[in-house]
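Remarks on the structure that follows.
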Amino acid sequence: MSTIGRWRLSPERYRVICMFALGLLGIIVVSGAAVRLTGSGLGCTDWPNCNNERLIDVSSTHAAIEQINRLFTGLVALGVVLAVLGSRWRTPRRRDLTLLSWGLVAGVVGQVILGGITVLVDLHPAAVQAHFLLSMVLIANAVSLVYRAGLPDRRRVPRVALDLRRHVWLVAVATSIAIVLGTIVTGSGPHAGDEKARRFGFDIGRTVQAHSISVWITVALVVALMWRLRNRAADRAVLDGPLVGWICVAFLQGAVGYLQYFTGIPPAIVGIHIALATILWGITVWTIETMRTTPAEAGSIEAGSDEGLDELGRLVDDGAEEATDVADEVAERAR
């Protein structure tokens, strides 16, 4: 067998690799939040070394937490590198997937640099905010890569009416605003990552109110969108699944948000809030992606079918079943 033949990768297996990268990027968002919520943001006082004496230092709890998060970045880097290599091994090879996978690499490099800057500026809230927002850009990139990797070819056509596509984009913009306001709340609250770290100085009550209002406006936009879909079977078949998932996560997110506010912002609840925000953003991007598909698939989707409703669930199920096989395959090729 030729070398090229040995390194071929099916589209289905490549999609699982992309899912693996997406999962790692989601986990590191939560682990980064854990660093801040445990007050371990300056557990390592230098970068790239942990301190001026050691590259790796786990002599204290804060240092160990920060160090674990930094080391996990290496696993994330492995995931995105596999996504790039997989885009080259994938048969047939597609340039759009290669570009998206390289976008993950660029984002992770940017996160490493920004992480170092965040430490060097003693956790300035603007740097911490930028760190999180870049993570959301990476999540969006990875979700798009996962979705498009499952399509048979690059060319896509709309399968949702123009007015509804504009409405979905409006929801995405509103969601983005809510997330940005959420980072301002975080930058004004008590969880700075270190007792001596600076805060934005905004009134926490007013920033929470602004964030809450933005969330309710976004929820109202989604409810209005679902109302518009009630008599449009074909469009509803495409969008119902992602939108129902969006509303479920959004209401859970809202409940957690109010719970953390009225219970004194406990770190564990804040961590859950951040994890749910990441999931919500991923669903938002997924909703945008589902509005376009390949001409072949667009022709095969009948009005009123449940294909659009079940697509995300099938993706997760298939990925769970194949993840082990892919890991074994990659390991064998590496040998």
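The values are calculated or read from the model by the stated rules, or taken from the named source; none is laboratory data. All values derive from a computational prediction rather than experimental measurement. Note: ideal-geometry Cβ built from the backbone for every residue, glycine included; neighbour counts use all protein chains shown.
Here are the numbers:
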{"quantity": "Index of the failed condition, Ala149 passing every other in (1) in contact with a Phe, Trp or Tyr (Cβ under 8 Å, 6 or more places away or on another chain); (2) within 22 Å of Ile274 (Cα to Cα); (3) among the small types (Gly, Ala, Ser); (4) surrounded by 17 or more Cβ atoms within 10 Å (Cβ to Cβ)", "calculated": "(2)"}
{"quantity": "Which listed residue is farther than 25 Å from Thr183 by Cβ, under 16 Å from the mean Cα position of the chain (by Cα) and in a helix (DSSP H, G or I), from Ala33, Ala83", "calculated": "Ala83"}
{"quantity": "Number of the condition not met by Leu239 [criteria: (1) among the hydrophobic types (A, V, I, L, M, F, W, C); (2) at pLDDT below 90; (3) assigned to a helix (DSSP H, G or I)]", "calculated": "(2)"}
{"quantity": "Among the residues listed as Thr73, Thr45, the single one being surrounded by 15 or more Cβ atoms within 10 Å (Cβ to Cβ), modelled with pLDDT of 85 or more and β-branched (Val, Ile, Thr)", "calculated": "Thr73"}
{"quantity": "Some residue of the stretch 102-113 being modelled with pLDDT under 90 and either under 25 Å from Gly23 (Cβ atoms) or assigned to a helix (DSSP H, G or I) (or both)", "calculated": "yes"}
{"quantity": "Selection count, the stretch 248-257, where residues are among the aliphatic types (A, V, I, L, M), surrounded by fewer than 16 Cβ atoms within 10 Å (Cβ to Cβ) and in contact (Cβ under 8 Å) with a residue 12 or more places away in the chain", "calculated": "1"}
{"quantity": "Subset of the stretch 221-233 that is outside any loop (DSSP other than H, G, I, E, B) and out of contact with any helix residue (DSSP H, G or I) (no Cβ under 9 Å at 6 or more places or on another chain) - its residue that is farthest from Ala126 (Cα to Cα)", "calculated": "Ala233"}
{"quantity": "Restricting the stretch 223-251 to residues that are over 19 Å from the mean Cα position of the chain (by Cα) and among the small types (Gly, Ala, Ser), the residue that is farthest from Thr293 (Cα to Cα)", "calculated": "Ala224"}
{"quantity": "Any hit, the stretch 54-68, residues being more than 30 Å from Gln260 (Cβ to Cβ), touching a Leu at 6+ places or on another chain (Cβ under 9 Å) and surrounded by fewer than 17 Cβ atoms within 10 Å (Cβ to Cβ)", "calculated": "yes"}
{"quantity": "Residue match in the stretch 5-13 (condition: modelled with pLDDT under 85, outside any helix (DSSP H, G or I), touching a His at 6+ places or on another chain (Cβ under 7 Å) and surrounded by fewer than 21 Cβ atoms within 10 Å (Cβ to Cβ))", "calculated": "no"}
{"quantity": "Residues satisfying the stated conditions in the stretch 93-117, i.e. without any contact (Cβ under 8 Å) to a residue 24 or more places away in the chain and not hydrophobic (A, V, I, L, M, F, W, C)", "calculated": "Arg93, Thr98"}
{"quantity": "Flag if Arg93 is part of a helix (DSSP H, G or I) and of a type in the set (Lys, Arg)", "calculated": "no"}
{"quantity": "Residues that are touching a helix residue (DSSP H, G or I) at 6+ places or on another chain (Cβ under 7 Å) and closer than 25 Å to Asp153 by Cβ, drawn from the stretch 94-135", "calculated": "Asp96, Leu97, Thr98, Leu100, Ser101, Trp102, Gly103, Leu104, Val105"}
{"quantity": "Output for the stretch 76-97, where each listed residue is of a type in the set (Val, Ile, Thr) and surrounded by fewer than 17 Cβ atoms within 10 Å (Cβ to Cβ)", "calculated": "Val81, Thr91"}
{"quantity": "Odd one out for Trp281 among (1) modelled with pLDDT of 95 or more; (2) surrounded by 20 or more Cβ atoms within 10 Å (Cβ to Cβ); (3) farther than 23 Å from Ala126 by Cα", "calculated": "(3)"}
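Each row is one residue, and each column tells you yes or no for (1) among the acidic types (Asp, Glu); (2) assigned to a loop (DSSP other than H, G, I, E, B); (3) touching a Lys or Arg at 6+ places or on another chain (Cβ under 9 Å); (4) modelled with pLDDT under 85.
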site	(1), (2), (3), (4)
Val16	no, no, no, no
Gly23	no, no, no, no
Ile28	no, no, no, no
Ser40	no, yes, no, yes
Cys50	no, yes, yes, yes
Ser59	no, yes, no, yes
